[in-house]
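Asker: Would you mind keeping the following structure in view while I ask a few things?
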Amino acid sequence: MCEFSLKKMTLFHFGNCCALAYTPYFLIYKYSGLPDYGVFWKCIQAGAVYLLTQLGKMLFLATFFPATESLQSGRLDLLGETFKSTVDLADLFGVNFIMSQVPGKGELKILVAGIGWATAELGVTRFLPLWVGARGMEFDWKYMQMSLESNFSLVHHIAIATLVWLWSRNDLKRSILPFVGTLLLIGTYKPLIADVVTVVFHLNDWTALAFKAAFTAISGLLTLHLYVGFTQSSY
């Protein structure tokens, strides 16, 4: 009886983590109007582009930057992590390719690329750890933190898709380009920035998560400001 109750509790914990991680993705897809455009398979294709992009990056990193313990005992291999984060610039080309394959207005392109990319990342990087870890015998807050962080990633990828779309516009004012480019670079190096801040200021897990949330919120709001300003000036 006790063993059955324990399994039930661990399954309940796993369900909570999955609900926290996946529900926002479903709600945004459903209520953003994407189902009305019949772009479900476009989102699937976006996920496929994500997988191919990550495979290419993995092969490149395995060839030129062999895996090392970058974060260990509060130490950070800044140069190595900077090179690895630079490879993440390939994601911008992948997002741009996805949007080039989606006909229609910019909002539709952004949502398909952002949600498709973020959902693929969620499935690849978080489902297995949740399935294995959140069903373990001992409760651990890190799986709740992982689920919360997946929500930040959704906002982050939609913001990145917005910035890539703005950068690709020929009618974007040249005075705005430096701001768009800066936000794209900051977004690309976001994991490195978060790691540096965590190590330098000795942040615990929850404080580091709060920093990531604030970082994502600020960059997202700045991106939204640029997008609204551009769309309003275009009409």
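The values are calculated or read from the model by the stated rules, or taken from the named source; none is laboratory data. The structure presented is a predicted model; accordingly, all values stated were derived computationally and were not measured. Positions of Cβ are generated from backbone atoms using ideal geometry, with glycine treated the same way; all protein chains shown enter the neighbour counts. Heavy atoms of the whole protein, side chains included, go into the accessibility calculation; ligands, DNA and RNA do not. Shrake-Rupley method; radii C 1.70, N 1.55, O 1.52, S 1.80 Å.
Asker: Considering only residues that are surrounded by 15 or more Cβ atoms within 10 Å (Cβ to Cβ) and small (Gly, Ala, Ser), look in the stretch 93-112 and name the one that is farthest from the chain's Cα centre (by Cα).
Answerer: 106
Asker: Has the stretch 60-70 got any residue that is at pLDDT 90 or above and either open to solvent by 40 Å² or more (accessible area, probe 1.4 Å) or outside any helix (DSSP H, G or I) (or both)?
Answerer: Initial filter on the stretch 60-70 (at pLDDT 90 or above): 60.
If we keep only those that are either open to solvent by 40 Å² or more (accessible area, probe 1.4 Å) or outside any helix (DSSP H, G or I) (or both) too, we end up with 60.
The answer is yes; a qualifying residue exists.
Asker: How about the stretch 16-41: which of its residues are surrounded by 19 or more Cβ atoms within 10 Å (Cβ to Cβ) and more than 15 Å from the chain's Cα centre (by Cα)?
Answerer: If the condition is that a residue be surrounded by 19 or more Cβ atoms within 10 Å (Cβ to Cβ) and more than 15 Å from the chain's Cα centre (by Cα), then 17, 29, 34, 39 are the ones that fit.
Asker: Could we say that residue 155 is open to solvent by 30 Å² or more (accessible area, probe 1.4 Å), part of a helix (DSSP H, G or I), of a type outside the set (Gly, Ala, Ser) and in contact (Cβ under 8 Å) with a residue 40 or more places away in the chain here?
Answerer: On the way: open to solvent by 30 Å² or more (accessible area, probe 1.4 Å): yes; part of a helix (DSSP H, G or I): yes; of a type outside the set (Gly, Ala, Ser): yes; in contact (Cβ under 8 Å) with a residue 40 or more places away in the chain: yes.
Yes: the conditions hold for residue 155.
Asker: For the stretch 162-179, does any single residue satisfy the condition of being within 19 Å of the chain's Cα centre (by Cα), among the polar types (S, T, N, Q) and open to solvent by less than 80 Å² (accessible area, probe 1.4 Å)?
Answerer: For the stretch 162-179, residues within 19 Å of the chain's Cα centre (by Cα), among the polar types (S, T, N, Q) and open to solvent by less than 80 Å² (accessible area, probe 1.4 Å): present.
Asker: Please identify the pairs in which a residue from the stretch 100-120 that is closer than 16 Å to residue 31 by Cα and modelled with pLDDT of 95 or more has its Cβ atom under 7 Å from the Cβ atom of a residue that is in a loop (DSSP other than H, G, I, E, B) and not hydrophobic (A, V, I, L, M, F, W, C), counting only partners at least 6 apart or on another chain.
Answerer: Going by the 7 Å Cβ cut-off, the qualifying pairs are 111/32.
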